Amino acid sequence: MGRLGTESAFEVLARARAMEAEGRAIIHLEIGEPDFDTPEHIRDAAKAALDAGHTHYVPAPGILPLREAVADFLERTGRLRTDPGRVIVTPGAKPIMFFTILALCEEGDEVILPDPGFPMYQSIVAFSGARPVPVPLRERNGFRLDPRELASLVTERTRLLILSSPHNPCGSALTHEDLEAIAALAIERDLIVLADEIYWAIRYEGSHTSILDFDGMPERTVLLDGWSKTFAMTGWRLGFGVFPPALVEPVTRLVVNSVSCTSAHGQHAAIAALTGPWEPVERMVAELRRRREVIVDGLNRIPGLHCLRPEGAFYVFPSIAELGLPASEAERLLLRRAGVACLAGTGFGAGGEGFLRFSYANSVESIRLALNAIQATFADL
Ligand code: PLP
């Protein structure tokens with residue numbers, strides 16, 4: 001257990017909630033979830049499924065109509081042609097990373113993961129006994145990994161490479177050229193890739209590009225995705241993975257050993273999400289784009305801060321290096337003095353020192369209030 005980490009977003013959220021219970025007003029820019037309601041047709045499908053008696057255990061890897069709907073959706077959206085038999089549905093997308101890493105990694109293995117990156121990658125890899133090998137994402141490279149640097153980190157022991165694009169916490173996205181070079185490396189060095197594409201639909205510049213677009217990659221890639229972000233369904237706990245054939249049976253066994261299956265009525269709602277109208281997603285992305293402009297421009301006006309414009313997801317990752325205080329100190333200060341909950345970049349790896357992560361899944365009005373409070377707090381340093 002000593003090797004298992006945690007996610008600072010949930011810790012800061014708990015601290016912020018405790019302050020709210022004491023009467024403090026807090027602006028929440030810490031937790032990574034859309035503040036939009038799940039679209040009505042999806043909620044209706046869940047209610048209808050409950051009324052129709054979908055209240056029992058279902059097959060461990062997911063009900064067939066949903067696995068088929070996932071395969072169809074991936075093909076329709078131009079992402080991947082796959083057999084529904086390779087799709088596994090889980091309660092949220094997190095189990096996809098947990099099960100993939102547990103199925104593949106053990107002591108003596110190495111796993112390359114982005115730094116800064118989603119903190120669970122490093123936590124679960126360490127838990128499995130394997131060694132996390134961070135690949136730096138540098139601000140001067142637009143927070144994208146450098147494929148040459150990545151190649152220098154691959155050894156005989158490298159078992160898995162974890163990619164996330166669009167990226168949490170930086171909002172960056174890998175380019176076609178980056179992915180082409182990474183795919184060639186994965187094939188040459190016989191690596192398995194975990195492609196975390198949970199933010200694929202939330203793109204502001206260009207369209208989504210995937211490592212799966214390259215020949216030879218679908219056979220060696222686990223695609224991680226789900227409903228949480230695209231359809232504003234974080235609390236429903238619905239995710240899926242598409243696995244290379246050899247991993248389907250072991251991962252299904254992990255599902256049986258841990259959660260048995262994913263909620264039956266939720267899976268019917270998930271079908272409605274994939275087959276229903278796409279405008280709610282477009283509306284959400286348009287609103288997030290508007291907020292992105294407000295927060296990026298606002299942060300860049302605060303002396304001592306600078307902030308790149310994210311290409312996807314709903315996070316900004318401004319540098320506070322010029323202020324000369326550790327990111328964890330800035331996180332505490334902003335919560336206590338400004339009433340703004342945000343996350344220190346170090347919650348995402350050592351490479352996050354000197355940065356803060358703000359989620360802009362909050363109203364423009366709240367973002368403007370937060371910007372004023374942040375500016376006033378830092379002006380007082
Ligand atoms: N992957 C990344 C990069 C995330 O940021 C998150 C959630 O914050 C997840 C996966 C997990 O998503 P879910 O809520 O579906 O488990």
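Each reported figure results from applying straightforward, stated rules to the coordinates on display, with no laboratory input. Just so it is clear, the structure is predicted and the values come from calculations on it, not from any experiment. Don't worry about glycine lacking a Cβ; one is built from the backbone with ideal geometry, like all the others, and counts go over all protein chains shown.
Anisotropy class assigned to the stretch 60-123 is prolate, per the alpha carbon gyration tensor with a/c at or over the 1.5 cut-off and a/b larger than b/c. Taking GluC sites (Glu not before Pro) as exposed when their DSSP state is a loop state and no more than 12 other Cβ atoms lie within 10 Å, the longest site-free interval of the chain runs over 220-381. Of the residues ARG237, ARG24, ARG79, the one that moves most in a GNM of the chain with alpha-carbon contacts below 10 Å is ARG24.
For the stretch 10-26, 3J(HN,Hα) computed residue by residue from phi via the Karplus equation (6.51, -1.76, 1.60; θ = phi - 60°) reads 6, 5, 5, 4, 5, 5, 5, 5, 5, 5, 5, 4, 8, x, 6, 8, 10 Hz, glycine and proline entered as x.
Indicate the gyration tensor shape class of the stretch 196-265 (rounded, prolate or oblate), computed on the Cα atoms with a ≥ b ≥ c the square roots of the eigenvalues: a/c under 1.5 is rounded; otherwise a/b larger than b/c is prolate and the rest oblate. It is oblate, given that a/c is not under 1.5 and a/b is not larger than b/c. Per-residue 3J(HN,Hα) values for the stretch 283-292, derived from phi via the Karplus relation 6.51 cos²θ - 1.76 cosθ + 1.60 with θ = phi - 60°, read 4, 4, 5, 4, 5, 5, 4, 4, 5, 4 Hz in sequence order (x marks Gly and Pro). Exposed loop sites were defined as chymotrypsin sites (Phe, Trp or Tyr not before Pro) in DSSP loop states (anything but H, G, I, E or B) carrying at most 16 other C-beta atoms within 10 Å; in the chain the longest segment without such a site runs 58-277. The stretch 54-89 and the stretch 319-381 have Cα centres separated by 40 Å. Among the trypsin sites (Lys or Arg not before Pro) found in the stretch 149-227, those both in a DSSP coil and sparsely packed, with 14 or fewer other Cβ atoms within 10 Å of their Cβ, are ARG157, ARG189. Near the amide H of VAL222, within less than 5 Å, lie the amide hydrogens of VAL193, LEU194, ALA195, all on another chain or at least 5 residues away, with H placed in the peptide plane. The amide H of ARG131, built 1.01 Å from its N in the peptide plane, has GLY108, ASP109, GLU110, VAL111 as neighbours under 5 Å, considering only residues 5 or more places off or on other chains. Phi angles of the stretch 218-223 translate, via the Karplus equation with coefficients 6.51, -1.76, 1.60 and θ = phi - 60°, into HN-Hα couplings of x, 6, 10, 10, 9, 8 Hz per residue; Gly and Pro are given as x. DSSP bridge analysis restricted to the stretch 40-275 gives an antiparallel fraction near 35%, rounded to the nearest 5. Of the candidates THR155, THR209, THR234, which one comes out as most mobile in a Gaussian network treatment of the chain with C-alpha springs shorter than 10 Å? It is THR155.
With an a/c value of 1.5 or above and a/b not larger than b/c for the gyration tensor axes a ≥ b ≥ c computed over the alpha-carbon atoms, the chain is described as oblate.
Note on the chain: GNM, Cα springs under 10 Å; of VAL125, VAL89, VAL248, the largest mean-square fluctuation is that of VAL248. For ILE26, the amide hydrogen comes within under 5 Å of no other amide hydrogen, counting only partners 5 or more places away or on other chains and with H modelled in the peptide plane.
Taking label points 7 Å from Cα along the Cα-to-Cβ direction, GLU219 and ALA321 give a separation of 4.3 nm. FRET efficiency for the pair ARG301 and ARG17, taken as 1/(1 + (r/R0)^6) with r the Cβ-Cβ distance and R0 = 30 Å, rounds to 0.50.
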